[in-house]
Amino acid sequence: MKKTAAYFDRDFWHHLILIIVLTLGIILFYFFSFSRLFRFTIGFSLAVFYVLWGIIHHKLDGDLHFKNVVEYIFIALLAVVILGGMLI
Amino acid sequence: MIISFFASIILCMSVKDLVRHFFIPHRANNHRAKALHPKSFLFYILVLAVLQLSFKFVTLIRPDILGIATNINVDRLLEATNKEREQNGMVNLELNPELSLAAEKKAEDMFARNYWAHNGPNGSTPWDFIKGAGYTYIYAGENLAKDFQNSNDVVQAWMKSPSHRENILRKEYQDIGFAVVNGVLNGEETTLVIQMFGVSSSKSVAAKPESDKQIQIAVKPAETANTLGKEELVTSKTVDNNYALGVVALPLFDEGLLLRLISLLIMGSLLTILTIDGFLILRRRTVRIAGHNFAHFIFLLALISIVIISATGTIL
């Protein structure tokens, strides 16, 4: 029971960090409207952060598998392709 | 390989099984909706990449069919600006050729010197362009916009910003000038909209001059008019000379809009599938090896916000 509470507690903080970083990214994206290159760089950085977040989160949870890493990489890649199509 | 993989699945299943396989987690799809498997994500990425490349190709060879839609013209900008003033009890502004010339020169200078600001890198101010065009002002102001697709959106964006709104609704102004110019700014194809306001010293003004505001778009008290030196007004080679009418490009399909819609459709579908998948897994208490649906949900939501933000132009 204690372990479950600690797990949820850690999960909460991990997701909170993710939400804060993504929100900051959106704010930066909004303010860097003068340059598409800056905007793409922000989007790309968020995608890289997301992959790293996924790896660290699953590692700490003890369920890091190659399949998980590939899933996070593909979702990040989807984001990069979408942004690239609009901004480049 | 991926396409043949999906084709073999589709050919071997009934519609009901197919829906279940792609959207509902169960034993046959390893307790994860097939639409959320890494191979499926790779499929979406490839489809999007091929679509984007095809769009770019069609845009190059047939810009009349697929291209960037822009419909900004001076008449509509003037009409929309005066409509806002009328609604707020202000008198209509008159289109002034000297202020329009000043706006044109400002746009040329922005493209030639490659800046997006009220003041140029050489220290030039909007007031220099206004005086350079031969307009002697008591009050003057400037609003800038770029990357908008139609006239109404430009004026509405200005009206949503308190400082730009203040400029549009300033009671002292009597004249207005516009320039709508296509060019390359920071290496990007851009449509600039310059809006310049003023009241000439030759016209009677009831209100007393206010203190000198430092905000670039705000009014400035009268100064003795002097013309700009020739070196201040560099003519850009990247500028199309169609300021008087505006910039109108109306392809059959708007490339940006089409790409955004397709991207939003894919992301919206993924959000729905993630929600269904997450709900069923939580209810069944299934233990599986997969990424976190909630994290993917948050990330896709952020991506949707970014796509929506990138669709709007910028004001200054």
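The values are calculated or read from the model by the stated rules, or taken from the named source; none is laboratory data. Remember, it's a predicted structure, so these values are computed and weren't measured experimentally. Glycine also receives a Cβ, built like all others from the backbone with ideal geometry; neighbour counts cover every protein chain displayed.
See the values below:
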| read-out | value |
| --- | --- |
| Qualifying residue in the stretch B:171-182 (condition: of a type outside the set (Ser, Thr, Tyr), modelled with pLDDT of 80 or more, closer than 30 Å to residue B:49 by Cβ and not in a loop (DSSP other than H, G, I, E, B)) | yes |
| Set B:7, B:80, B:69, B:28: member being farther than 30 Å from residue A:85 by Cβ and either in contact with a Leu (Cβ under 7 Å, 6 or more places away or on another chain) or modelled with pLDDT under 85 (or both) | B:28 |
| In the stretch B:259-289, residue farthest from residue A:61 (Cα to Cα) [restricted to those that are at the interface with chain A (Cβ under 7 Å from one of its Cβ atoms) and in contact (Cβ under 8 Å) with a residue 12 or more places away in the chain] | B:259 |
| Qualifying residue in the stretch B:47-55 (condition: among the small types (Gly, Ala, Ser), within 13 Å of another protein chain (Cβ to nearest Cβ), closer than 30 Å to residue B:17 by Cα and more than 20 Å from the chain's Cα centre (by Cα)) | yes |
| The stretch A:42-56, residues that are within 7 Å of chain B (Cβ to nearest Cβ) and either in contact (Cβ under 8 Å) with a residue 60 or more places away in the chain or small (Gly, Ala, Ser) (or both) | A:43, A:54 |
| Qualifying residue in the stretch B:122-145 (condition: within 30 Å of residue B:251 (Cα to Cα) and surrounded by fewer than 22 Cβ atoms within 10 Å (Cβ to Cβ)) | no |
| Options B:17, B:109, B:64; residue that is away from every other protein chain (no Cβ under 14 Å), under 27 Å from residue B:166 (Cβ atoms) and charged (D, E, K, R) | B:109 |
| Residue list for the stretch A:27-66, filter: under 30 Å from residue B:184 (Cβ atoms) and more than 17 Å from the chain's Cα centre (by Cα) | A:30, A:31, A:32, A:33, A:34, A:35, A:36, A:37, A:38 |
| Cβ-Cβ under 6 Å pairs, at least 6 apart or on other chains, the stretch B:102-130 side more than 18 Å from residue B:188 (Cβ to Cβ), far side of a type in the set (Val, Ile, Thr) and in a loop (DSSP other than H, G, I, E, B) | B:119/B:125 |
| Residue within the stretch B:98-108 that is out of contact with any Gly (no Cβ under 8 Å at 6 or more places or on another chain) and polar (S, T, N, Q) present | no |
| Any chance residue B:268 is assigned to a loop (DSSP other than H, G, I, E, B) and either closer than 19 Å to residue A:80 by Cα or not hydrophobic (A, V, I, L, M, F, W, C) (or both) | no |
| Filter pass, residue B:50 being surrounded by fewer than 20 Cβ atoms within 10 Å (Cβ to Cβ), out of contact with any strand residue (DSSP E or B) (no Cβ under 9 Å at 6 or more places or on another chain), of a type in the set (A, V, I, L, M) and within 14 Å of residue B:197 (Cα to Cα) | no |
| Conditions (1) surrounded by fewer than 16 Cβ atoms within 10 Å (Cβ to Cβ); (2) in contact with a Leu (Cβ under 9 Å, 6 or more places away or on another chain); (3) not charged (D, E, K, R): number failed by residue A:29 | (1) |
| Of all residues in the stretch B:249-258 being among the aliphatic types (A, V, I, L, M) and surrounded by 13 or more Cβ atoms within 10 Å (Cβ to Cβ), the one that is modelled with the lowest pLDDT | B:249 |
| Hits in the stretch A:72-82 - residues which are at the interface with another protein chain (Cβ under 7 Å from one of its Cβ atoms) and either of a type outside the set (Phe, Trp, Tyr) or exposed (fewer than 15 other Cβ atoms within 10 Å of the Cβ) (or both) | A:75, A:77, A:78, A:79, A:81, A:82 |
| Any hit, the stretch B:26-34, residues being touching a Phe, Trp or Tyr at 6+ places or on another chain (Cβ under 6 Å), basic (Lys, Arg) and within 14 Å of chain A (Cβ to nearest Cβ) | yes |
| Where a residue in the stretch B:292-310 is within 7 Å of chain A (Cβ to nearest Cβ) and assigned to a helix (DSSP H, G or I) and its partner, wherever it lies, is among the basic types (Lys, Arg) and surrounded by 21 or more Cβ atoms within 10 Å (Cβ to Cβ), with Cβ under 7 Å and at least six apart | B:310/A:39 |
| Residue within the stretch B:160-168 that is among the aliphatic types (A, V, I, L, M) and either farther than 17 Å from residue B:96 by Cα or modelled with pLDDT under 90 (or both) present | no |
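Per-residue answers, yes or no, for (1) within 22 Å of residue B:315 (Cβ to Cβ); (2) in contact (Cβ under 8 Å) with a residue 60 or more places away in the chain; (3) at the interface with another protein chain (Cβ under 7 Å from one of its Cβ atoms); (4) not β-branched (Val, Ile, Thr):
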residue	(1), (2), (3), (4)
A:28	yes, no, no, yes
A:39	yes, no, yes, yes
A:58	no, no, no, yes
A:64	no, no, no, yes
A:70	no, no, yes, no
